[in-house]
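Below you'll find the structure, written out as structure tokens, and then a few comments.
Derivation of every value follows stated rules applied to the coordinates shown; laboratory data play no part. Quick caveat, the model's predicted, so the values are computed rather than measured. Backbone-built Cβ (ideal geometry, glycine too); neighbour counts: all protein chains shown.
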Amino acid sequence: MTVSRKPRKSAHVHHPHDPVREELFRRVRGRPTHSGGLMSIPRTFGIALGRVFELGLISLIIMGFLVAGIGGGMLVGYITTAEPISAGMLSGTTQTTHIKDSDGNDIAILTGSQNINREYISFSNIKQTYIDEAFKAIEDERFDEHIGIDPRRIGSAIISALANGGAATHGGSTITQQAVKMLSGADQRSAQRKIQEWYNAIQLEQQRSKDEIMELYLNLVPMGNSYVGIQSAARAYFDKDAKELSLLECAFLAGIPNLPAVYNPLTETGRRNALRRMRIVLGKMHDLTWISDAEYDAALNEELVFRQTPMAVSSNQVNSYFVDYVIETVIDDLIERNGYSREMASIAVYNQGLTIETTGDTSAQKKTESVFNTQSYFVQNPAILDQFPESPQGSIVVIENYPNPGQIKAIVGGYGEKTGNFVLNRAISAKRQPGSSIKPLAVYGPSLDSGKITAASIFSDIPVYLNPDEPTKLYPKNSYEGYKGNLSVRNAVKFSVNTISAQIWQYVLKGETSLKYLSAVGIDRPTENYVAIAMGAFSEGMTTLEMAGGYATFANEGLYTEPYAYTRVLDANGNILLEHRPEFTQVYKPESAFIMTDIMTGVFEAGGTAGGRGPVNTIAAGKTGTTDDNRDKWFCGITPYYTAAVWYGYDNRLGGTVIPAQDRSNAIMIWKAVMESLHESLPAREFTKPKNVETLIICPDSGQLATAACPAPYAEYFVPGAALNPSVPCTIHGGSAIPIDPATGLPIVTTPVIDPATGLPAETAPIETAVPAETTVAVG
């Protein structure tokens, strides 16, 4: 629909017979009807008489003041005590705060405690429409001529009230007076208030142009259903900006403020009343020759098209966990960075028309919520829920790795549909023991990066006694029975071997280094320097957000940035209040981060703790986590596009609830479902491998360079120049190291010469002369 523009004025003429116009008149014929209950005749008469008497009395008092000088001192007192009014007071009124996703779409609006939905719009943007003429026609036809008050209109209002049983068809106040009243908030009925309103209206006319006053009015006028100002009303009722309003739509909106509840477009009766009043507005505009005959007829023949779907967001909606977190974060940052008090920060966020530009991805949030609303991911046998004091719970944080590392894309803080705002957000507030999911961050990642181990280093899974408080008791134990003997670091991660992670932490890495690396990725636990943290046993647990932020470091070539949920916060005038520009810290060398990531891909392989449960449409790496007695389950993982951490378990408010056996894979299944959904339309992408990462062929038994005699040799990645990189051929099986083709990085395989006397390759030493691998650590 094209926007109606203001034409040259023309004289009013008689309209010929028009069936469409007559049908519109028939549908909206008659006076608007109130939706309230019927009142008795005496009561109606009493109310009407009271209103007429009140209006007349105030008018007589004012006339006495002005004409006869009666009460001159009182009049002076009223004027001198009037609180000055200025257009600047508009900044103190409530305006709607908009929270937008990364594509610029509204995902939430905040309308303050008064639930006022206002969007400011400048008069220059709407002057080409008929909105000002429509309001002037029905509210103040001499607006362009008077000095702020209009005695003729006051008298007309009194006569109208007498003729209509106390319900005047229009008020006695000018648009300037109404702007003053809305700015000041004064609404008591008294001669003093009216005199001060008149005085301030005259003063405002002297301070501001007519266009500026009209701008104030059009941004303050109540439009029903908590909408204030024509911009929010145009969006709510016609799904368009005010600058796009047609003549008919302008006339419709101009009729609402007289009685917003009676002319409510969102109810059947209210809409019918509003259409009748629209006809009155159009007639007034025509009578005043502000619209031509042709435009008058065209407007009456036009079909008024209302918004067909509800607003995408509303002030009373239940916001997502992500939005809750954004609001809390912005308030905290206004306090910390801008020096606001908590009360003033809350007022700014809820009442001052801010625009909060977030990192949120609406599609990712909905997909993640869909998984968390699916019962089968949280309980495999719903019948057992009757045996538990509470329902299972979970949380997830999704962070983007590419192309915007560090941006939070989705947060869900509980199982099932969210039923209120600012309910417990387990992703942000619940601190749970991370179990083995902490090993890459507290043990293996730091050890690789500091050059104290390689992916091929061999350690022994054997009984160990590492609890200083109980030195004769086996500690730690594994999640499985027995011991696996010598294992590479790669396999120790794959099988989540507790004895090996504890040995590395205790004897190789040392606690101070572990805590330093944890702190560098946003997990600051400086006092927890004991071997139990190698298995994820902390005095203070981790939030899902902390774990996701730590794991994202591996996906981002060793760079850590604090996960963030908004990019900018603008005030109502577009000025920047807050801006988040991510800062990156190189925690791991890119080569170390890549190798740790590649090690974690093995978790999804057969025999791994998440074997066979990886996403089918993307490469992925990660680590499971389980706490004692199976009270917490984690999966933290990365893909080239996203990092996500999932916690699953029970709140344990009524005691410790053990996760049933059939539900102990739910964390990885939740992670898998979310990742597969998020990657549905994304092109395939690999983890970034630094060019200088070395590839060597390794013997799985010794961790040394494989020879032709070594069983099942495999290719392994190494940080270039690391002191512990294998440099000698396997001393267990003997022979020469399998050469690597420098052009391809692949082994050059040759058929070995067999010694007929021994049955071994000719250059291989007898097995009994072999020495243990120098990187083997066995602690008894």
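Numbers below:
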{"read-out": "D (Stokes-Einstein, µm²/s), Kirkwood Cα radius, segment 255-333, 0.890 mPa s at 25 °C", "value": "153 µm²/s"}
{"read-out": "In nm, spacing of pseudo-spin labels at residue 616 and residue 562 (7 Å Cα→C-beta vector)", "value": "4.1 nm"}
{"read-out": "Cβ-derived FRET efficiency at R0 35 Å, residue 527 paired with residue 714, nearest 0.05", "value": "0.30"}
{"read-out": "Solution diffusion estimate, µm²/s, Stokes-Einstein, segment 677-724, Kirkwood Rh from C-alpha pairs, 4 °C, viscosity 1.567 mPa s", "value": "97 µm²/s"}
{"read-out": "Nitroxide proxy distance, nm - points 7 Å out along Cα→Cβ at residue 240 and residue 484", "value": "6.7 nm"}
{"read-out": "Cα-based reach from residue 367 at 12 Å (exclusive), listing aspartates and glutamates while leaving out same-chain residues under 8 positions away", "value": "676, 680"}
{"read-out": "Length released on extending from residue 605 to residue 658, taking residue separation times 0.36 nm less the Cα-Cα span", "value": "16.4 nm"}
{"read-out": "In segment 457-561, the GluC sites (Glu not before Pro) that fall in loop regions by DSSP, at most 11 other Cβ within 10 Å", "value": "481, 540"}
{"read-out": "Cut-off 18 Å, label 7 Å out along Cα→Cβ of residue 691, residues of segment 585-606 by amide N", "value": "590-592, 594"}
{"read-out": "Euclidean distance of C-alpha centroids, segment 377-396 and segment 102-124, integer Å", "value": "39 Å"}
{"read-out": "Segment 622-654: trypsin sites (Lys or Arg not before Pro) falling in loop per DSSP and having at most 10 other Cβ within 10 Å", "value": "653"}
{"read-out": "Nearest-0.05 FRET efficiency for residue 421 and residue 309, computed from C-beta distance (R0 25 Å)", "value": "0.60"}
{"read-out": "Linear extension gain, residue 725 paired with residue 302, 0.36 nm per residue minus alpha-carbon span", "value": "144.2 nm"}
{"read-out": "Span from the segment 308-350 Cα centroid across to the segment 601-633 one, whole angstrom", "value": "36 Å"}
{"read-out": "Set of lysines near residue 484 by C-alpha distance (under 25 Å), chain-local residues within fewer than 8 positions excluded", "value": "439, 452, 473, 494, 510, 623, 633"}
{"read-out": "Potential lengthening between residue 212 and residue 152 on full extension [0.36 nm per residue; Cα-Cα distance subtracted]", "value": "19.2 nm"}
{"read-out": "Over segment 433-572, relative contact order from alpha-carbon pairs under 8 Å, at least 6 apart, %", "value": "28 percent"}
